[in-house]
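This report concerns only the one structure given below.
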Amino acid sequence: MYLVVYPAVIFYLRKYKPISAVNAFRKLKTEPDSQLLDIRDDKTLALLASPNLKFLGKSSVQVPFSESDEEGFLKRVKGIFSDPENTVVCVLDNFDGNSSKVAELLIENGFKETYYIRGGVRGKNGWLAIQEELLPPPVHMSTAKNVKSSNNNEASVVGTEN
């Protein structure tokens, strides 16, 4: 019993958790202190832009993540979010491998809550898979048309033209 109950309790008490794409959208829509952090690299972002959150009065924040530069990544993210103790972050990646690491890293460094989007952009039940049926058209991801470029030392706010 201990082997089942203890890990389950630990999972539900931690402050970073997986979240479905549709629930991430709901959180972004209903919680004013929530933000989408897209950690995909510039090359991937050039092919497919971040979700357009202008409809919600927000912008997607894009900071490329590299395991070899976690400290630099964290510095760039903290430079964007001025009040991490009161910020809820939904982390988006191509799939969900690095996003869970980033969610944990942000919690360890003072963020209020973090969620990693299950399936990321391209996975089963990820943002692309559910957007046509479950999300309003203004927040759909599309081929990047207007992306502010950034290099690995900068962060950028990105969007798409509609």
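Observations on the model:
- Share, in percent, of DSSP beta bridges within segment 16-158 that are antiparallel, nearest 5: 15 percent
- Judged by the mean number of other Cβ atoms found within 10 Å, the most tightly packed of the peptides 79-85, 122-128 leads the ranking 122-128, 79-85.
- In terms of other Cβ atoms within 10 Å, I19, I39, I117 run from fewest to most in the order I19, I39, I117.
- Kirkwood-type hydrodynamic radius, segment 97-139: 11.6 Å, calculated from all non-identical alpha-carbon pairs.
- More than 17 angstrom apart: percent of Cα pairs within segment 16-158: 55 percent
Taken together, the values in this text are just the output of simple stated rules run on the coordinates, not laboratory data. Everything numeric here is computed off the predicted structure, so don't read it as measured data. Cβ sites come from the backbone with ideal geometry, for glycine too, and all protein chains shown count toward neighbours.
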